[in-house]
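The values are calculated or read from the model by the stated rules, or taken from the named source; none is laboratory data. Since the model is a prediction, treat every value here as computed from it, not as a measurement. Neighbour counts are summed over all protein chains in view; Cβ atoms, including those assigned to glycine, are modelled from backbone coordinates with ideal geometry. These accessible areas exclude ligands, DNA and RNA; they are computed on the full protein's heavy atoms, side chains included. Shrake-Rupley method; radii C 1.70, N 1.55, O 1.52, S 1.80 Å.
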Number of protein chains: 4
Amino acid sequence: MGNQRQNDWKSKIHEVIYGTHTPAGKLFDIALLIVIVYSVIIVMLESVPRIDQKYHDFLNVSEWIVTILFTIEYILRIICIKTPKKYIFSFFGVIDFISTIPKYLSVIIGGSQYMTAFRALRLLRIFRILKLVRFIGESNNLLRALKASRTKIFVFVFFVLILSVMLGTIMYLVEGPEHGFNSIPHSVYWTIVTLTTVGYGDISPETGLGQFIATIIMIVGYGVIAVPTGIVSAEYVTDRSRRKGKKVKERTCPECSTIILKEDAHYCRVCGFRLKDE
Amino acid sequence: MGNQRQNDWKSKIHEVIYGTHTPAGKLFDIALLIVIVYSVIIVMLESVPRIDQKYHDFLNVSEWIVTILFTIEYILRIICIKTPKKYIFSFFGVIDFISTIPKYLSVIIGGSQYMTAFRALRLLRIFRILKLVRFIGESNNLLRALKASRTKIFVFVFFVLILSVMLGTIMYLVEGPEHGFNSIPHSVYWTIVTLTTVGYGDISPETGLGQFIATIIMIVGYGVIAVPTGIVSAEYVTDRSRRKGKKVKERTCPECSTIILKEDAHYCRVCGFRLKDE
Amino acid sequence: MGNQRQNDWKSKIHEVIYGTHTPAGKLFDIALLIVIVYSVIIVMLESVPRIDQKYHDFLNVSEWIVTILFTIEYILRIICIKTPKKYIFSFFGVIDFISTIPKYLSVIIGGSQYMTAFRALRLLRIFRILKLVRFIGESNNLLRALKASRTKIFVFVFFVLILSVMLGTIMYLVEGPEHGFNSIPHSVYWTIVTLTTVGYGDISPETGLGQFIATIIMIVGYGVIAVPTGIVSAEYVTDRSRRKGKKVKERTCPECSTIILKEDAHYCRVCGFRLKDE
Amino acid sequence: MGNQRQNDWKSKIHEVIYGTHTPAGKLFDIALLIVIVYSVIIVMLESVPRIDQKYHDFLNVSEWIVTILFTIEYILRIICIKTPKKYIFSFFGVIDFISTIPKYLSVIIGGSQYMTAFRALRLLRIFRILKLVRFIGESNNLLRALKASRTKIFVFVFFVLILSVMLGTIMYLVEGPEHGFNSIPHSVYWTIVTLTTVGYGDISPETGLGQFIATIIMIVGYGVIAVPTGIVSAEYVTDRSRRKGKKVKERTCPECSTIILKEDAHYCRVCGFRLKDE
């Protein structure tokens, strides 16, 4: 009986934490969302030296409160679920753990000189923001379009990489270390910066030939940028029309249950049954 | 009777100011367009120190004339409309007010030392240019396509932001303040500059690992740029074909339910039934 | 009779210069193409101080030869055409004139000190390259797609300009002349550099707020870049399918000449004539 | 008989080297892939001065081993193929040769002072990576879409080049050598950097007029970027739907010529005729 009461208590918490349809569940999700964004902002502000100097104590206390809240949430999630293992080793279970532990680690391992190194670990807590993905939902067909064009995008990226290595090598030979192209990897980095039209300008060709080759790389990049766009667009349009196609008023043959899509069909194409005109 | 005469006078002005179909209304709109562009150019030139020194008086007088013209226009708009409240609190009513008042404020609050700060307020007058939107009309289906893909673009921007925060944190850990990545917010700023292929080059990775990660970010950004393009393209194509589809009046053959799309059809193309002319 | 012989001579030259279908006409066009490219390269090289110093005489003589060739061509074009006026004031007639005259002007108006200024005029000869457009032909439907989306692109560019003026003003107020945003026009220039993802980095935001706003501008630009691409893509797809639609095997009703597109039509939809099955 | 045994031996090696379907052939291809990537990484690392100083001997020995492996592979490829000429002068045959020979050349031609120049030749070995293309296969319709839009992209690139030469000349006249626009070729380089939205910022307009023209160039580039994307997208969508169309086996009803697309149709949907099962 005490066991059942405990189960009641657990299932209630489960409903609040994991559920999203009850008012309490919704409230919890929104509160969690706010706390996550707040904690991300705090971690970001803490890295700004000027702000950290002024508000160090406030930021530190804030972080401790958030960490404790996250710890309680993490423990509750484990307690109220039937198979804790499944949660702990799930994608979000691991993220929840990773975003809670660094703050504790920074305390246990003392010594101010090591601390600075371990503070970096705390920054990993930013991954908690991945929790936000939960709120996006899977209703969007964006990911489907990206998934469908996965192979093509891989081939494309692979091709861009080969192109970059070759063009990078040529530019290294043409410009050389005296114009900032220190090594082939550095030169490949420059090529990708150029091909993707980012163009920092930290390195830029200085010889006439180098600028000429750079010009060709840019125009190639300009043409090449069309390819992934074309792929995703095509995939997306196809996906839309396919799904829209399904919406078309369907009839089913009363004799053999075949789905009749053609609107001008008089006879079932499978059994030859005469369809009633609608 | 005096009331009626007044109403006649009001309705005439209303026709000129708000109307766009009468010759006078058209002339007014074009004149207003020119004055707005002129005033925007003056505000812009006034901010150029070299030009302001030379032509200060001319620019100042010009601005006063424009401001007075706008004030008269604003008052006439309020007078000649039936429900002034509706105009005053409308989008363009607020913009008209905001683009007129700063010049007056700069006079009332004297003292040359404060003036410099308040001159900035006058720059808000630039928002008057929003009035130009009126001339674009709502006939374009660009906004419709953008509106239809609103949710997807929001999800996309949200995803880009999460990605930027995480990549920015990683780059902060890798490069650190000694290579210009002063703080996480600064690092996130750099990530967005890179992801969007803007690439100022005010900050750029200097370590090998940093450049390697930057390379990945760029290629991701390169692939990611395809997504909003694909969405808007698809939405735009769909919108076009949907509207085109709507324009065609469909009829169905009363004999065999075939859908008749051709507007010049007198007979059903499937069963030869004579269609009634509509 | 002498008149007729002259006409024969004229019509032959006309065939070579204006015609593109005879072997002689083709040869002339290719030779002209090569001379144009050569002259453009010479003008470009002449502007490089190091090359000009070394090969000044060669470049100068080359240019004179090209100029004389172009002059002869220009005169022949006028002589052998029926209505010289039509050619002279045509697009290419004006370009032909503009690309020939600066070299002569540089001689007539002596004085080495003025020469340097007039040499600039000679650079306009580069416009001769526009002649190359002739070889592209009008068979491509690129221009048609661009033409069809002309209005939408104009509205788009107009909207981008309004956005740039407003965002530029805000950035001027936020960053100010002390961070390189010297004036509103300069600030608008920066905004367009950012919105179009060019990102020179000659000016870049330095305050936190400025970088935050810049981030928003970039993401807006990222989303906005999709719009013209979407427009042109849609227009281009539509144009293709429209033209392809025409290729579909058409039948004509033998009774009333109506074009029958539907492949499953048994009866002419206009006159009810029973179509023969093919 | 000894000849036949030799042939057996040859055909087995041929199966391993050229074949990709047997387990041994697959293993060989994967091993080759790894060795190629390894050798490319070594060539790249060797160009980094800091790494070369530390691990010079290791890198040198590694390269010799890889070179010898590639030599053996090259010789085996020639031996076990029926018509060695065909391989040697094929695309990959030439690449295989080019990626093996530079290392040997660096030894034969002694003298440390010449070595530095010839080391560059060794870098051409990077082209071996092109072998990787083999693994991509021709199943992707990316290349087909690119091939189909070849002419249009050429016209486009040609047009961009003409535009760049003209805009570059104008910018040279406006900005001049005193603002970094040293010569017309340099100015054309800047124009392409801007048009393609790369924007290094190594040169950037400094005069007001120059910045105004730059602004126009950017907006043009912004609009122009849509064109290749539109072309490739359209070509890609068309290619998809065409190939999809081809896959569906069409039948026509012998009774009424209706096109039967559904593969499971036993009866014509228009006249009810029993279709023969294929």
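Residue count for the range A:172-198 under the criterion of being crowded, with 21+ Cβ neighbours inside 10 Å and farther than 23 Å from B:VAL193 by Cβ: the result is 4. Residue count for the range D:29-74, restricted to those that are of a type in the set (Gly, Ala, Ser) and closer than 13 Å to D:SER99 by Cβ: 1. Take the residues in the range A:204-223 that are open to solvent by less than 10 Å² (accessible area, probe 1.4 Å) and at pLDDT 85 or above, then tell me which one is farthest from D:ILE203 (Cα to Cα). The qualifying residue farthest from D:ILE203 (Cα to Cα) is A:ILE217.
Criterion applied to C:GLU15, C:GLU46 was being touching a helix residue (DSSP H, G or I) at 6+ places or on another chain (Cβ under 8 Å), acidic (Asp, Glu) and within 21 Å of C:GLY93 (Cβ to Cβ), and the one residue passing it is C:GLU15.
Restricting attention to the range C:206-216, does a residue exist that is among the acidic types (Asp, Glu) and within 14 Å of chain D (Cβ to nearest Cβ)?
Our first condition is that a residue be among the acidic types (Asp, Glu); within the range C:206-216, this holds for C:206.
Next, from what is left, pick out any that are within 14 Å of chain D (Cβ to nearest Cβ): none.
Taking every residue of the range C:206-216 in turn, none turns out to be among the acidic types (Asp, Glu) and within 14 Å of chain D (Cβ to nearest Cβ).
Looking across the range A:161-187 at every residue that is more than 7 Å from every other protein chain (Cβ to nearest Cβ) and hydrophobic (A, V, I, L, M, F, W, C), the one that is nearest to the chain's Cα centre (by Cα) is identified as A:LEU161.
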